[in-house]
1. Is it true that some residue in the range 126-137 is within 19 Å of N17 (Cβ to Cβ) and in contact with a Gly (Cβ under 7 Å, 6 or more places away or on another chain)?
2. Do we find that L45 is surrounded by fewer than 24 Cβ atoms within 10 Å (Cβ to Cβ) and without any contact (Cβ under 8 Å) to a residue 12 or more places away in the chain in this structure?
3. Just to be sure I understand, how many residues within the range 229-256 are surrounded by 15 or more Cβ atoms within 10 Å (Cβ to Cβ) and in a loop (DSSP other than H, G, I, E, B)?
4. Please state which one of G143, G104, G130 is modelled with pLDDT of 85 or more and over 18 Å from the mean Cα position of the chain (by Cα).
5. Among (1) open to solvent by less than 40 Å² (accessible area, probe 1.4 Å); (2) closer than 30 Å to D88 by Cβ, there is one condition G211 misses while meeting the rest; what is its number?
6. Any residue that is more than 14 Å from I248 (Cβ to Cβ), surrounded by 13 or more Cβ atoms within 10 Å (Cβ to Cβ) and without any contact (Cβ under 8 Å) to a residue 40 or more places away in the chain - is there at least one of those in the range 167-185?
7. Cβ-Cβ under 6 Å, sequence separation 6+ or interchain: first residue in the range 53-65 and touching a residue at least 12 places away in the same chain (Cβ under 8 Å) and at negative phi, partner crowded, with 16+ Cβ neighbours inside 10 Å and not in a helix (DSSP H, G or I). Which pairs?
8. Which of the numbered conditions does G2 fail, given that it passes all the others? Conditions: (1) under 22 Å from the mean Cα position of the chain (by Cα); (2) small (G, A, S); (3) open to solvent by 70 Å² or more (accessible area, probe 1.4 Å).
Amino acid sequence: AGSLLYGFGFNYFIAANHLAEGGVSGLALLFYYATNFPVSYFIVLVNIPLLLIGWYLWGLSFVGKSVFGVAATALSIELCSHLQLTVDNLLLPALYGGLVTGAGLGLIIRNGATTGGTDIIGRILNQFFGISMGRFYLLFDMGVLILTAAIHGLEIALYSLVTVYVASKIVDLVIDGLDAAKQAIIISPKTSEILNFMIKDMERGATVLNGRGGYLANPTDVILCVVSRNQIFRLRKGVSEIDPQAFIIISNAYEIYGDGFREHK
């Protein structure tokens, strides 16, 4: 399903409007625009030596899902190649192309597979040269976009950058889950009052950690809790009313398992 979604978005929005994207698929598109060589063939040919290297380095278990991911993605791109929507306003295919392909990639990665290409190259460089995966992805995608700008002009490259950015955000959203919550760390001398408010008024539990002040080294309680996104304002308001001097840290939390959230699988 993820591969079909990716193949549809790739053709219907991105390829139809001569946009580009990151990774090996972006290189495949540039090669396709120049020579009309099918994108699916390019992806398979590039990945064959990479998969063989991956097999040698990390074994058959790694290559198995990678082969399936590469084959499914290439086949989906080929099957959806006739589905194309050409529009005058390139911002629309840039946005929707990133949205749909990002959702497809997110589903693929979330289920333990990979589309190969930059994933394998990134792992090789990380293992032998210590280059972080994030840095490699950024440099590779920047290289593809610079090449796009050189060949097709800056405007196309800028719209393609929108596609890459949107896709990366959607991938994160799909992998991390739509049920993202908020984590709060609260430091206050009025621990018991805050816990009473959370348990009775908000019907939420919490964990009290033993902390120590960094300056005076005084022992202090640290409350750690996770609440849904629509409860965070109520929590912050309630804590502030109990102790206006309370120290509150709020951050995003993903993949929450336990009572009140997801069940353990």
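The values are calculated or read from the model by the stated rules, or taken from the named source; none is laboratory data. Keep in mind that this is a model prediction, so the values were computed, not measured. Note that we place each Cβ from the backbone using ideal geometry, even for glycine, and neighbour counts take in every protein chain shown. To get the accessible areas, we keep the full protein, side chains included, count just its heavy atoms, and leave off ligands, DNA and RNA. Shrake-Rupley method; radii C 1.70, N 1.55, O 1.52, S 1.80 Å.
1. In the first step, residues of the range 126-137 are kept if they are within 19 Å of N17 (Cβ to Cβ); the result is none.
No, every residue in the range 126-137 fails to be within 19 Å of N17 (Cβ to Cβ) and in contact with a Gly (Cβ under 7 Å, 6 or more places away or on another chain).
2. On the way: surrounded by fewer than 24 Cβ atoms within 10 Å (Cβ to Cβ): yes; without any contact (Cβ under 8 Å) to a residue 12 or more places away in the chain: yes.
Yes.
3. Result for the range 229-256: 3.
4. Working: G104 fails: over 18 Å from the mean Cα position of the chain (by Cα); G130 fails: modelled with pLDDT of 85 or more.
Going through G143, G104, G130 in turn, just one is modelled with pLDDT of 85 or more and over 18 Å from the mean Cα position of the chain (by Cα): G143.
5. Failing condition for G211: (2).
6. No, every residue in the range 167-185 fails to be more than 14 Å from I248 (Cβ to Cβ), surrounded by 13 or more Cβ atoms within 10 Å (Cβ to Cβ) and without any contact (Cβ under 8 Å) to a residue 40 or more places away in the chain.
7. Final answer for the pair search is K65/A113.
8. (3)
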